[in-house]
Every structure is written in structure tokens, then in C-alpha cells.
Number of protein chains: 2
Amino acid sequence: MGEPRTLRLNAQDNVLIAVDTVPAGTVLPAGPAVTARVPRGHKIAAVPIAEGAPVRKFGQIIGFASAPIEPGAWVHEHNVVLHEFDRDYAFASEARAEDVLAPAAQATFQGYRRPDGRAGTRNYIGILTSVNCSATVAHFIAEEIARSGILRDYPNIDGVVPFVHGTGCGMAGQGEGYDLLTRTQWGYASHPNLAAVVLVGLGCEVFQIGRMKAQYGIEESERFRSLTIQESGGTRRTVEAAVAQIRDMLPAANAARRETLPASLLSLALQCGGSDGYSGLTANPALGAAADLLVRHGGTAILSETPEIYGAEHLLTARAESVEVGEKLVGLINWWKDYTARLGGEMNNNPSPGNKAGGLTTILEKSLGAAAKGGTTTLRGVYRYAEQIDRRGFVFMDTPGFDPVAATGQVAGGANVLCFTTGRGSAYGCKPTPSIKLATNSDLYRRMTEDMDINCGDILDGVSIEDKGREIFDTILAVASGARTKSEQLGYGQNEFVPWQIGATM
Amino acid sequence: MGEPRTLRLNAQDNVLIAVDTVPAGTVLPAGPAVTARVPRGHKIAAVPIAEGAPVRKFGQIIGFASAPIEPGAWVHEHNVVLHEFDRDYAFASEARAEDVLAPAAQATFQGYRRPDGRAGTRNYIGILTSVNCSATVAHFIAEEIARSGILRDYPNIDGVVPFVHGTGCGMAGQGEGYDLLTRTQWGYASHPNLAAVVLVGLGCEVFQIGRMKAQYGIEESERFRSLTIQESGGTRRTVEAAVAQIRDMLPAANAARRETLPASLLSLALQCGGSDGYSGLTANPALGAAADLLVRHGGTAILSETPEIYGAEHLLTARAESVEVGEKLVGLINWWKDYTARLGGEMNNNPSPGNKAGGLTTILEKSLGAAAKGGTTTLRGVYRYAEQIDRRGFVFMDTPGFDPVAATGQVAGGANVLCFTTGRGSAYGCKPTPSIKLATNSDLYRRMTEDMDINCGDILDGVSIEDKGREIFDTILAVASGARTKSEQLGYGQNEFVPWQIGATM
Ligand SMILES: [Ca+2]
Ligand SMILES: [Ca+2]
Ligand SMILES: [Ca+2]
Ligand SMILES: [Ca+2]
Ligand SMILES: [Ca+2]
């Protein structure tokens, strides 16, 4: 055991984080003498904090000193309060013109340029399903293609992937629950990582393929085919017809070639799941640094998981580009409060006893840990679940926190690369969008190396968040160019398509 | 074209059903002269019906004559009303002691007798998942077992089946949404068609395996193993560990042998999906006749799909064994009204214009068509979703109408055989419970013969409902004894496990 380690997360912070438990009396290198034992994960005052002055962590206010705090003091519930003052949304008060690099200076990757101007990072063919009733047929189609061995003749195609789910009928035929399923299906059908899709239905389901085609003006083409089991005359005939359709799609899909494209065509989904006390200290801020880099290079970074930024939304409203963008975010928060109340639940809006024991003093501090992966740039847009992202820069999409559901919305919105931070150890993987998994601590990285792409635990050993952000950014470019993530090597991504269900299953 | 056909569904009925459109002036064989053109699927008065007298179809009141109705008249909205009178629940007024055959006289089948006294009709090993985050690992485990070829040495095992789903986290950790997922998992884990199960989790999910084990007093054994990806150290190690556990389970599972068992050990799930105008005329009442036979032979028949019996619940309350059983059903109806209202939806409680054009005059008539598959015997119990069915005879389980969700609850409750009526043409199939599909019309049967087990369309050609019920009952016994259904021959059942989600995904 060497000296207990501490960490300053942001230059504006007036607290340090105890990486290891710090005994009373420890004199920190280049810092104050610690006046009380501080458990690991907790906070130590770096400078004097006057009564009523903000306590800053992540560069953000997490509360206010309820008494004068001396340098070296333990900073926690006994000397920090959170009052309503800071719930001021301060719409757009911190918006700024972003320093986006000129196209010639932007980083590049090797991707597939698609007819709509977007970039693919993979080149799959998808088998979509309108309803659970066609899920097995979708699998049969994919299995028949695999069994035939035909993909050996089309080496530029990454695979033929069924995307099945548990809904599409026994649901209301109008309203946001229906609309978001439509957006999700269309988001996948038109996704730049899918060269072509076949959409297979049963026929009598609530989610009608014809209605979706009419809504988006979709024509049958070599990039989009649809059919139903009832019209095709049963399982076997549907499989045969869809296999024939896919065979027709293969030559054009295989003709796609990677070319040098600017990083501005990357759309990065930000995710966390299985979080721990280190998430907000290591992987999340490092991912935030990578998101800032991507925005600087003209790309897009999508923060989501609305229930997990709850309490910290005013920081995003302050970063909003305009009052409208900020108000849209507040509208989402209010929708969630109402929705969970109607279902007899509640937003978990206090740090739990476990969180507090881990050093989280206020709800802001907790949500800031999650929001840290969104970096620091101006919020350019707020999107509904699965809505097409049409702005560059940092944006927010409304999703639940549950990983597969959240990621499905982001991918439908156009995300062509995904970064997922985890402390407990998620095994998440995605198709058609490659998913880079970041361990928040070195223990986890060692324990699950075969599942983890990047170790952010070494931030606790002195690697700077900026350097780690650069490493993540470089990995994003490599993966976007075709380098396979751990979850792709393992074969993940066929079971993680989970469209959000907000209405009653009837 | 011969004579237009008509049908009397029940000896107590005072209306006939026009199977084909009947021109005005047609003299029906052994019936009245028809006084107006009656479209196919609509009703014709068989006898005089006095003003205010009940109109009976399916042997049940569907409304009351709003004017005197002459024999041969078209019976529809213009001369039928539904008033509040008949919404009297008349609890237990029609309950009767059932004529159950003595054990020696009961039909038999060849099944697996399980240690808990229940009977298996199949002999699978299951891979259950606590959360979507372990879904892909569950598939990898099944694929590794398949790849190894080891099942060739264990011919009495029907397969190793992953049961994956889209929930288990991002949900409240208490309340009915959590409880019903627990019941569903335990219902599958203990199902008599599964010789043994492995339950695989991620580790940090809301649905905790340890909590479920404590709740049911489950010990690790050769019939139940559990593990998590986080504790096992990632994907590959989890797959290896679970494959080893399953290898250990194979000898005991393979030792199971079919023996002659009484039909009283059969628990029949009643389902309909993709209904049409013939469902209530052919397949549903024929399935009801089969359910009555099964009850007579001491077995259990489970009606479900609460939103689809809405409006006809008073007929079930009258058949209830006791006031308590009847009140439980009314409680479910009230819960559904409140639940759908809270989610901004509504129970579809009027025949739609399409239904009316098809000949359905009142909401009772519509729901009666669905309820007809429950036969006529006394209602012995009302169960929550996925609750273990512990009564013999005819029972009701609360489920949504959406087929895979409804069937998942019934199977969790112990159903070891399933009959599914369809008019539009469902491709549903189930594991571990074999699913017999009944076509409501001969057109569908011809179009999707490879998916349909029984044609009930010939009822329109003169086959009696009683004879068709006997055919269905005999098929149930054969399938329970190992005869493979069409959906089993095709390979269905790995994608239809869909636990009901009633709470918010957060
Ligand atoms: Ca999260
Ligand atoms: Ca998450
Ligand atoms: Ca139904
Ligand atoms: Ca149904
Ligand atoms: Ca699946």
C-alpha cells in the first residue's frame, strides 16, 4: 500500500475524490492535510469553502456548504445541503459557439457512404419484424441463409441479422406507443449500417407494414422488401420468399466499399449500465472527453437515459443552445414524473443509502456521474425516442435507462457507433451498431477482459481523463473503420433489439 | 352454388347463423322462410321472439328484442338492444356439480410423471434468463450444446431451449410487475415439461436470482442451476460453466420415460389469435366442447385474455363455483378498466363497424365468441398472471389478449398442452408446451396447411361441434403423448416467451 490516492475531476472543482480511504492526518501531495478519515469514493475539500458557497465536482455545482468548510475536511451530508436555488433552468446561459474543426482538419475513418449522405460503419442485411408473431420466421430466414453458405460469395457483407421483439400487437393502434415503434422500425430499416432490409409480418397485427410504408413513402426496392406470413401462405413459403428476396439483395449490398470519410459523419450513442462508484470518476468523464473531441471534429454525440439524468437536468438546460431546446428537455422530465406516477412508481430521486455510503451526497451528484459522459459542449437538440437525429454536435434523446431499450432508440436515431461504460460488468453488444465497452475500474477489466474493450480504471492510477478521452476517440475511429469490438468477436447483437413499450399490453 | 347454409350454434338458441348470404325469400330446410336478405355471418330468427325477450346465440343472451321479431327475420341492430339488466353478475347462479368420470373411466395419455405429481408432455432442458442482458449468453449456451452433438446420446431429451426476454431490469423492484415476472420464471423453472433448467443472469439486474430462490425455497440441484455473467467472469466462462452444468443434467433428464397417465393430469391452455367472423362459430365452440370433455375426464382448461372476454364477464360469474371466485373475476375487469385508463387507452368495448358489418350486434356477442372456447362447465378458480393453477376443472387466468404474452402466463401456470384457434392465420408455436392450431375456416386451412393442425372450417359443411370437439380432444391426447404438432415440426417456440410487462420501463 502506497499513499492513499486522490483525484481532482475538473479544474473548477473545490473538492478532491478519495480513490482509496484516506486516514485522518494524511498530508496530501500538493494538497491540504486531511482533517478526518475519508472513505474511498468520498470527497475532501481542496480549498476553503465559505458557508453558502457552491461545492463543485465534475466542474458542476453538486450542493452548497451548510457551514464553513476548511481545506482537508470531509465533505458530505453533514456540511453540504442542496436547496431549490440551483434548480433554476438558466436556459441557454452557458451555450457557446463550438470550436468545430474545418473539414480538412477533421479526423477520418473508413466507412460506407450511403445514398442519403449518412455513413455506415458496418454492412449488414437486416430482417425486421412487425410483431412477435413473425419472430420465429425471421430466425428461420437467417438460419436458412446461414445454412446455404451463400454469404461466402459476398465477403463485404457482415451478416444477415434478425431483429425480433415482443410487441407489435395487443397494443393501441395510435398514440406515442405506436408512433415510437414506427420510428424504431423505420430507423432500423433506413439505418446506414444496414445495406438492405426485409420486413416480415404476420398480417393481422396492430402494427401494419402498409401503414408504415405509407407514412414514410417507402417503396419496395432492392433495399427494402416486405411480406407477411398470411399473404405468403404460411411459414415455409414465407421463409422461401424472404430468402429469395435476400439473395437478390446480396450483389448490391456486397458492392459497398469502405472509403475515407470525415469523423463528422459519426453519430455516437452514449450508454452506461451496471454503474458503480467509479463510473462518475473514470469511464463517464473520459467518455465525455471523447464526446467533446467528436463534437470538435464535427460529429454527433447522443446522451440519453432520461431517468438517470433526473435531478441534473438544469445543467443540460443551461448548456442548451436555445430556450426551446432547454424547454423540450424539461418537458421530458415532467412527462417521466407523470408517467411513473400513473403507473404507481416513482423516479428514484434521492441517493440511496448505498449511494451515500459510496460517497454520493446529493441527487445532483449522482445524476452528474451519469451525465458526465455527455461532455461539456452545447446541447444542440432534444429528440423523442427513436427519432432521426438531424443535428450535429451534442444532443439528447429521451429513453429509459434500461440498456437494450435505450440503445435501441439511439440506434434507430442513426447512431453508427456506441460507447458503453460499466462498473459492475455488462455483457451488452449490439447489431448493427458496434458497441465499445469501457470498464470503470481495473478489477472489472481484469475479470472480464474478453468482454471489455477499454480499461478506464487506470485513471485512478494517474492516467488523465483527457488522455483516456483521446484513447476512446481513437478507438471509436478504428471501430468505425471496421475493427471488431469484443462483443462483435463474441457474436452479440441478435437479442438486444428491444423497442420501448410505453402503453398497455392488451 | 347450392342452398345458402345456416347454422344453429346451441340447442337453446333462437337465432340461426347465415354461413352464406341468404337471399330474401329463401325457404330454409327445416326452418322459416327468410324475410329479408341476410349477409353471411349475420343472424336469422329461428322462432318468434317477443319484444323484450332475450336473443340467444352460443346458448347465451346476447341482447333483447326491441320489437317483436318474426321467424325468418334478419336479427341485428335494428331489432336488438342491450340493456343493463343482464349485467347482473348472478354470482354462482349457474354453478353445478360437474360430472367427472371416475379415474378408471378417464382417458389416458403417455406422459412423464414428475416428482411433484404433475405430468410432462415433453422433456426439455430450459435455459432461463433473469434479464435481457443475459439473453445472448443463453443462446450461446444452447448453440454450444447443439454444436457438440451431445444430445444424440440422450434421445429422450427433446432439446435444450433458451427462454430469453426484453425485461428484468429498468423496472420497479417491487409490486405486481416484479411479482409476476418472478412467478413466470418460477413457473417455467418448475414446469413439468422441463426436466431441468439453468437460470443465467448478468448479476446487477433488478430481477435478482437470489431473491427468487429465497422466495420459493429453491436449492441448487441437478434440476436447477443458476449463475451470473459477472460472478463467472464474462461471456466465455459463463457459457463454459453453464454447458458443464447442462452436461451434468443430461443423464437424469434422459432417464425419464413416458408412462400411461390419466387425462386428469392435462392442463390445457385455451388461446385465440388472428380471429375472424368464423372464430365464434366454428373453432372456438369446438374447442369449448373439447374443454368440456377434458373437464369431464378430470383435467383442467384455462381460459384467459381478459380484454377479450370484456362485456361477457357476467356469464363467467354466473358459472363461478362461488361468489368469491366470481368477485375475483370482476376485480380483474375493474383493474383492466383502471389500468388502461391510467395509460390513456381504453378497453375496446363496442363492436367496431367491421364487427357489425360481419354480423356482431352487441359487445356480448363479440366477447362470447372468444369465451366460447371455455366451454360450459363451472368456473373453479380465477388466477393472476403466471400463478400456479392448483384446481382441476375450468379456470380463468388474467392475461392480456396478445398471444405470446397470454400463452407465457398460461404455460407458467402449468399448462402442458395448448390449443390455439385462428381465423386470419397465426403462426404461433410454443416451447416447452406443444401448441395445436385450429383453423376457423377451410380457406385458411388450405392456404396454411403446413401451419395448421386441425380444420374446424368443416363445421360450416355440417360436421357437428360435438364431433369436432371429440376430434380436438383426441388430438390433445395424441399430442400430449408425443405426437408432434405442426409448429413443433417447423421448429417454433424459442421466440415466443414474452412475460407480461405492466410497469414502467425506466
Ligand atoms: Ca446509466
Ligand atoms: Ca443504462
Ligand atoms: Ca383472442
Ligand atoms: Ca390472443
Ligand atoms: Ca430472441
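None of the figures in this text is laboratory data; all of them are computed from the coordinates on show. Because the structure is a prediction, the values reported are computed rather than measured. A quick note on method: Cβ atoms are made from the backbone with ideal geometry, for glycine too, and the neighbour counts reach across all protein chains shown.
Averaged over the residues of peptide B:234-241, the number of Cβ atoms from other protein chains lying within 10 Å of each residue's Cβ is 4. Which whole-number percentage describes the relative contact order of the range A:1-145, with Cα contacts under 8 Å and a sequence gap of 6 or more? Taking the mean separation of contacting Cα pairs over the length of the range A:1-145, I get 15 percent. Here the label points at B:ALA67 and B:VAL323, each 7 Å from Cα along the C-beta direction, are separated by 4.3 nm in the simple model. Charging the Cβ of each Asp and Glu at -1 and of each Lys and Arg at +1, and nothing else, the dipole of chain A about its Cα centre rounds to 720 debye. Overall form of the range B:113-176: oblate. Here a/c, set by the Cα gyration tensor axes a ≥ b ≥ c, is 1.5 or more, and a/b is not larger than b/c. Taking the helices alone, the protein assembly as shown has a mean residue ellipticity at 222 nm of -9000 deg cm²/dmol, built from -39,500 (n - 2.57) per DSSP H run of at least 4 residues and averaged over all its residues.
Residues whose amide H falls under 5 Å from that of A:VAL15, counting only those 5 or more places apart or on a different chain, are A:ALA46, A:ARG56, with hydrogens built in the peptide plane.
When each of the peptides A:420-432, B:35-47 is scored by how many other beta carbons lie within 10 Å of its residues on average, the order from highest to lowest is A:420-432, B:35-47. Here's the list of aspartates and glutamates a cross-link from A:LYS468 could span, going by alpha-carbon distance under 18 Å and ignoring same-chain residues fewer than 8 apart: A:ASP292, A:ASP443, A:ASP453, A:ASP458. When each of B:VAL206, B:VAL323 is scored by the number of other beta-carbon atoms lying within 10 Å, the sequence from fewest to most is B:VAL323, B:VAL206.
Per residue of A:122-132, other chain Cβ atoms within 10 Å of the residue Cβ number 1 on average.
Modelled label positions at B:ASP443 and A:ASP338, each set 7 Å beyond Cα in the direction of Cβ, lie 4.4 nm from each other. Near A:ALA95, no amide H atom lies under 5 Å from its own; only residues 5 or more places off or on other chains count, and H is placed 1.01 Å from N. Contact order, relative form, for chain A: 18 percent (alpha carbon pairs under 8 Å, 6 or more residues apart, mean separation divided by residue count).
Protection proxy ranking for B:145-158, B:258-271, A:294-307, using the average of other Cβ atoms within 10 Å per residue and placing the highest first: A:294-307, B:258-271, B:145-158. Judged by the ratio a/c of the largest to the smallest principal axis of the C-alpha gyration tensor, the range B:299-424 counts as rounded, that ratio being less than 1.5. The orientation-averaged projected area of the convex hull spanned by the Cα atoms of the protein assembly as shown comes to 42.4 nm².
Sequence gap at least 6, Cα distance under 8 Å: using those rules, report the relative contact order of the range B:1-87 to the nearest whole percent. Once normalised by length, the contact order is 26 percent.
Helix A:176-189 sits at what angle to the longest principal axis of chain A, using alpha carbons and giving 0 to 90 degrees rounded to 10? Computed tilt is about 70 degrees. For chain B, the longest principal axis of the C-alpha atoms and the axis of helix B:403-412 are separated by about 60°. If R0 equals 56 Å, the separation of the Cβ atoms of B:LEU7 and A:ALA244 corresponds to a calculated FRET efficiency of about 0.85.
Sketch the reach of a paramagnetic label on B:ARG384 as a point 7 Å from Cα along Cα-to-Cβ, and name the residues of the range B:306-323 whose backbone nitrogen lies under 17 Å away. Within reach of a label on B:ARG384, which here means backbone N under 17 Å from a point 7 Å along Cα→Cβ, the range B:306-323 contributes B:306. Looking at chain B, the pairs of alpha carbons with a distance over 46 Å make up 15% of the total. Our Cα-only numbers for the range B:415-483 put the radius of gyration and Dmax at 11.8, 35 Å. Between A:GLU219 and B:ALA53, the simple spin-label model (points 7 angstrom out along Cα→Cβ) gives 6.3 nm. Shielding of peptide B:299-310 by partners, expressed as the average count of other chain Cβ atoms within 10 Å per residue Cβ, is 1.
Ordered by the number of other Cβ atoms lying within 10 Å of each residue's own Cβ, fewest first, B:ARG380, B:ARG319 fall into the sequence B:ARG380, B:ARG319.
Annotation for the range A:368-423 versus the range B:458-502: alpha-carbon center distance of 45 Å.
Remark: for residue pairs B:LYS373/B:LYS486; A:LYS431/B:LYS437; A:LYS337/A:LYS366; A:LYS431/B:LYS213; B:LYS328/B:LYS431, the C-alpha separation exceeds 28 Å in A:LYS431/B:LYS437; A:LYS431/B:LYS213; B:LYS328/B:LYS431. In the calculated pair-distance distribution of the range B:54-196, the portion above 22 angstrom amounts to 67 percent of the Cα-Cα pairs.
Taking a ≥ b ≥ c as the square roots of the eigenvalues of the Cα gyration tensor, an a/c ratio of 1.5 or more together with a/b larger than b/c marks the range B:1-87 as prolate. The antiparallel fraction among DSSP beta bridges confined to the protein assembly as shown stands at about 35%. Residue exposure proxy: B:THR21, B:THR433, A:THR6, ordered by other Cβ atoms within 10 angstrom of their Cβ from fewest to most, comes out as B:THR21, A:THR6, B:THR433. Cα centroids of the range A:228-294 and the range B:146-188: 27 Å apart.
Highest average first, the peptides A:355-367, B:240-252 ordered by how many other beta carbon atoms sit within 10 Å of their residues are A:355-367, B:240-252. DSSP beta bridges fully contained in chain B are about 35 percent antiparallel.
In degrees, nearest 10, range 0 to 90: what is the angle between the Cα axis of helix B:465-480 and the longest Cα principal axis of chain B? The two axes meet at around 10 degrees. For the range B:9-19, putting each phi into the Karplus relation 6.51 cos²θ - 1.76 cosθ + 1.60 with θ = phi - 60° gives couplings of 7, 8, 4, 7, 6, 10, 10, 10, 9, 7, 6 Hz, in residue order, rounded to whole numbers and with x for Gly and Pro.
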